[in-house]
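**Q** This structure is in structure tokens; I'll ask about it shortly.
The values are calculated or read from the model by the stated rules, or taken from the named source; none is laboratory data. Computed from a predicted model, the values in this text were never measured in an experiment. Please note: Cβ atoms are built from the backbone with ideal geometry, for glycine as well, and neighbour counts cover all protein chains shown. Protein only, heavy atoms only, side chains kept; ligands, DNA and RNA dropped before computing areas. Shrake-Rupley method; radii C 1.70, N 1.55, O 1.52, S 1.80 Å.
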Amino acid sequence: MPGTDTSVAAVRPAAVSTINAPVVALAGIGKRYGRMLAVDDVSLKVERGQLYGLIGADGAGKSSLMKMVAGVLAHDCGTVEVFGVRIDSERAAERVKARLGFMPQGLGLNLYPELSVEENIDFFARLRQVSAAELAPRKQQLLEMTRLAAFRTRAAKNLSGGMKQKLGLVCTLIHAPELIVLDEPTTGVDPVSRRDFWAILAQLIDAQRLTALVSTAYLDEASRFDRLALMHVGRVLAEGEPAELVAAAGLRVAQVQAEPAALAQLAAHFAQTEQTAGAGRVVVTADDDESAAAAVRAALGSDQHPVPKIVITPPDLEDLFVARLQALDGAATTRPAPDADGRFKPNRNQRPAPASERGSAPPSEYNGGTHAIDAQSLTRDFGGFRAVDRASFIVRYGEIFGLLGANGAGKTTAIKMLTGILPPSAGIGRVAGADMRQAGQAIKERIGYMSQAFSLYTDLTVMENLLLFAGVYGLTREQARSRAQWAVALGDLHGHEREPAGRLPMGLRQRLALGCALLHQPRVLFLDEPTSGVDPIGRRRFWGALRRLAREQGVAILLTTHYMAEADLCDRIALMFAGRVVADATPAQLKAELTAERGQLLEVSAEPPLAALAALRAGGFAEAVLHGRRLHVLAHDAAEAGTRIDTALAAAGLAAARITSQTLTMEDVFIHRVLALEAAALARAAA
């Protein structure tokens, strides 16, 4: 079976198949790795010119399926057909490899780090036998489309994560394939680069009738696909067009503004609930808005004062995904609900924490004026490059603080200075009362750190990992046993104590890693993209654990994330750009500032989306952005903007649009703020 990476195959196309036949057809596919069933009876079709998505967390089976389609992995049962050719041998795979491009998972993993942008492109062009006459115009077009033309001579290793992914896409496309297979191309990429990536892909599909099979762990990207499959542990839970799947789900979302006691009451009645300060989001099984509102009112009872405000909205694909997972195993999926005094109730399935740790008062500095993290004008230079430029922010005990920014904004460098890994070039930083310049060991003893990569011992069991790290932290045997039981309860790991860490689902692994980072009771916790690749249920449970730590134990939590739905859950956010902190406020404040400055968010549904986007920009909406198959526009006067939108579409020969007002998300805030900062930086450079 196939053994050659499609990115370096150097063969010419086979004969073109029947134009109406599916480009990819999978029937009853199965794949095992030893005892693990990675793909279980999967069947699907990808039509010509279609953008097809495989959606799921790590371990869902997406990568295995994509490697089978790309011809680099054998399947155990079922049939794989690509361009009408049954892929059942290496010879069969070679017949279609020149007609497809494969981009593996990982930032820039198909690139050569020491080669420049242009050298990488030229190298892949030679491997793919692209003639010089074809290469020059194609390379120029792709470089301009990806905004990489100004970085031709920069080494790939010095590119940001988003730029690496765009260069990887250029190298995948340089031989003009008919089918591209992209494995999680936006994982670890900031929202602006993700938006650019999807816009480029949409243009290519529209202009070249390209077919794309793309996987992602981000549920918020699912609406971008023409058709998708929701996957979990090797199986397809749902398959179809995004809008049709949501419409047929029989779900509604209730946005409820109420007191903490009322929100706790809702959590007892509904399987899917999420809570932020003074508000709750509840997923209700109902076929219409009236029935959903009635179900929420019935759960609340008639004695609520003041009367809660209830707004019913359609569900999203994550709501559908979680509902399907619940139906599979009946797992609890809610974040722990706060009771009337704002504390979080323990999971009913958890054994109580040791009495010495349950309900104990936080250390004195939790209640006093000492800040957990105090960064003042932090600066770090690498030669002539300034990675962090006089960054200042404060994190309080009991606070979840989000440090956001595009790839290369300086977030990781700032964290490395605060944790004592890197010395600052200038500035002052105190963590848990210790000066980072003089007390490196003291800082390490007072903090917990959880990296994005799973860094525990996969061949040790859950309990063995916990006890090992307890020993590293210098805990006594009695303390180690007590803290290990506490960590098991925190992560809802009961029943998994004797299971090797390497066999755990990603969500359980991350909760185990969190427990290990907290065994020595650190006062401050640093988390680097902690839920990357975690399924929705695992992510919700993880955030439930974070909230308990912050609210009950008074732990200060600083985290980075590219998942903007998580940014909404932070108490406060600092946004970094080019090494500087350019905003520091709560999510609500950041949204209010953008609304006051630019107006409310309007979502425009018009077909075809790319033509509609061009029409709106030509009609005066220069900052209109593509969001899936819809367009997002900010306007102070919705009625006046609606008239202008219809006029612009009519001038381009397009039908009138459906325009709805939407609530601003942190992704909207992030993209508009970063794009404005980029535009200002370019204007200064040109002046």
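**Q** Considering each of 71, 106 in turn, give the residue that is in the same structural domain as residue 179 (by TED's automatic domain parsing) and crowded, with 22+ Cβ neighbours inside 10 Å.
**A** 71
**Q** May I pose another question? From the list 620, 628, 599, which residue is open to solvent by less than 40 Å² (accessible area, probe 1.4 Å), in the same structural domain as residue 667 (by TED's automatic domain parsing) and over 21 Å from residue 317 (Cβ atoms)?
**A** Result: 599 is the single residue among 620, 628, 599 that is open to solvent by less than 40 Å² (accessible area, probe 1.4 Å), in the same structural domain as residue 667 (by TED's automatic domain parsing) and over 21 Å from residue 317 (Cβ atoms).
**Q** Among the residues of the stretch 276-324 satisfying the criterion of being of a type in the set (S, T, N, Q) and under 27 Å from residue 566 (Cα atoms), which is most open to solvent (accessible area, probe 1.4 Å)?
**A** 285
**Q** Taking the condition touching a helix residue (DSSP H, G or I) at 6+ places or on another chain (Cβ under 9 Å), more than 26 Å from residue 562 (Cα to Cα) and surrounded by fewer than 20 Cβ atoms within 10 Å (Cβ to Cβ), does residue 686 pass?
**A** Numbers: touching a helix residue (DSSP H, G or I) at 6+ places or on another chain (Cβ under 9 Å): no; more than 26 Å from residue 562 (Cα to Cα): yes; surrounded by fewer than 20 Cβ atoms within 10 Å (Cβ to Cβ): yes.
Considered against the rule, which asks whether it is touching a helix residue (DSSP H, G or I) at 6+ places or on another chain (Cβ under 9 Å), more than 26 Å from residue 562 (Cα to Cα) and surrounded by fewer than 20 Cβ atoms within 10 Å (Cβ to Cβ), residue 686 comes out as no.
**Q** Quick test for you: out of 217, 243, 229, 202, pick the one residue that is without any contact (Cβ under 8 Å) to a residue 24 or more places away in the chain and either at positive phi or under 23 Å from the mean Cα position of the chain (by Cα) (or both).
**A** The unique qualifying residue is 243.
**Q** For the stretch 153-161, does any single residue satisfy the condition of being surrounded by 17 or more Cβ atoms within 10 Å (Cβ to Cβ) and in contact with a Phe, Trp or Tyr (Cβ under 8 Å, 6 or more places away or on another chain)?
**A** Yes: one or more hits.
**Q** Conditions: (1) part of a strand (DSSP E or B); (2) out of contact with any Pro (no Cβ under 9 Å at 6 or more places or on another chain). Residue 379 meets all but one. Number of the miss?
**A** It fails just one condition, (2).
**Q** Further question on the same structure: Kindly indicate whether residue 564 is farther than 30 Å from residue 320 by Cα, assigned by TED's automatic domain parsing to the domain that holds residue 444 and hydrophobic (A, V, I, L, M, F, W, C). Before the answer, list the steps.
**A** Values: farther than 30 Å from residue 320 by Cα: no; assigned by TED's automatic domain parsing to the domain that holds residue 444: yes; hydrophobic (A, V, I, L, M, F, W, C): yes.
Against the criterion (farther than 30 Å from residue 320 by Cα, assigned by TED's automatic domain parsing to the domain that holds residue 444 and hydrophobic (A, V, I, L, M, F, W, C)), residue 564 does not qualify.
**Q** Now for a separate question. In the stretch 657-683, how many residues are exposed (fewer than 14 other Cβ atoms within 10 Å of the Cβ) and at pLDDT 90 or above?
**A** Residues flagged as exposed (fewer than 14 other Cβ atoms within 10 Å of the Cβ) and at pLDDT 90 or above within the stretch 657-683 amount to 2.
Listed here are the residues, each with its yes/no results for (1) closer than 18 Å to residue 121 by Cβ; (2) outside any loop (DSSP other than H, G, I, E, B); (3) at pLDDT below 85.
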position	(1), (2), (3)
180	yes, yes, no
189	no, no, yes
193	no, yes, yes
220	no, yes, yes
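**Q** Inspect all residues belonging to the stretch 631-639 and state whether any of them is open to solvent by 40 Å² or more (accessible area, probe 1.4 Å) and more than 32 Å from the chain's Cα centre (by Cα).
**A** Yes: one or more hits.
**Q** Does residue 252 count as touching a residue at least 60 places away in the same chain (Cβ under 8 Å), in a strand (DSSP E or B) and either closer than 30 Å to residue 202 by Cα or not β-branched (Val, Ile, Thr) (or both)?
**A** Considered against the rule, which asks whether it is touching a residue at least 60 places away in the same chain (Cβ under 8 Å), in a strand (DSSP E or B) and either closer than 30 Å to residue 202 by Cα or not β-branched (Val, Ile, Thr) (or both), residue 252 comes out as yes.
**Q** In the stretch 120-138, is there at least one residue being in a strand (DSSP E or B), in the same structural domain as residue 209 (by TED's automatic domain parsing) and among the hydroxyl-bearing types (Ser, Thr, Tyr)?
**A** No, that holds for no residue.
**Q** Among the numbered criteria (1) modelled with pLDDT of 90 or more; (2) in contact with a Pro (Cβ under 6 Å, 6 or more places away or on another chain); (3) open to solvent by 20 Å² or more (accessible area, probe 1.4 Å), which one does residue 342 miss?
**A** Of everything listed in (1) modelled with pLDDT of 90 or more; (2) in contact with a Pro (Cβ under 6 Å, 6 or more places away or on another chain); (3) open to solvent by 20 Å² or more (accessible area, probe 1.4 Å), residue 342 misses just condition (1).
**Q** Continuing with this model, one more query. Scan the stretch 77-92 and give yes if some residue there is open to solvent by 60 Å² or more (accessible area, probe 1.4 Å), closer than 30 Å to residue 217 by Cβ and hydrophobic (A, V, I, L, M, F, W, C), otherwise no.
**A** yes
**Q** Which of the residues that make up the stretch 264-275 are out of contact with any Pro (no Cβ under 7 Å at 6 or more places or on another chain) and surrounded by 16 or more Cβ atoms within 10 Å (Cβ to Cβ)?
**A** Those that are out of contact with any Pro (no Cβ under 7 Å at 6 or more places or on another chain) and surrounded by 16 or more Cβ atoms within 10 Å (Cβ to Cβ): 265, 266, 267, 270, 271, 272, 273, 274.
For every residue, the table says whether it meets (1) modelled with pLDDT of 90 or more; (2) more than 22 Å from residue 56 (Cα to Cα); (3) outside the structural domain of residue 33 (by TED's automatic domain parsing).
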residue: 457; (1), (2), (3): no, yes, yes
residue: 460; (1), (2), (3): yes, yes, yes
residue: 467; (1), (2), (3): yes, yes, yes
residue: 482; (1), (2), (3): yes, yes, yes
residue: 508; (1), (2), (3): no, no, yes
residue: 513; (1), (2), (3): no, no, yes
residue: 519; (1), (2), (3): yes, yes, yes
residue: 523; (1), (2), (3): no, yes, yes
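**Q** Checking residue 224 against (1) surrounded by fewer than 22 Cβ atoms within 10 Å (Cβ to Cβ); (2) of a type in the set (D, E, K, R); (3) under 25 Å from residue 70 (Cβ atoms); (4) under 21 Å from the mean Cα position of the chain (by Cα): exactly one of these is not met. Which one?
**A** The failed condition is (1).
**Q** In addition: Looking at 131, 193 in this structure, which one is among the small types (Gly, Ala, Ser) and free of Cβ contacts under 8 Å to residues at least 12 places away in the same chain? Write out each step before concluding.
**A** Numbers: 193 fails: free of Cβ contacts under 8 Å to residues at least 12 places away in the same chain.
Within the list 131, 193, the selection yields 131.
**Q** Cβ-Cβ distance below 6 Å, separation of 6 or more or different chains: which pairs start in the stretch 287-298 with a residue that is in the same structural domain as residue 270 (by TED's automatic domain parsing) and end on one that is of a type outside the set (Gly, Ala, Ser) and open to solvent by less than 50 Å² (accessible area, probe 1.4 Å)?
**A** Close Cβ pairs satisfying both conditions: 289/312; 292/284; 292/312; 293/310; 293/312; 295/284; 296/310.
**Q** Would you check if residue 538 is of a type in the set (Gly, Ala, Ser) and buried (at least 21 other Cβ atoms within 10 Å of the Cβ)?
**A** yes
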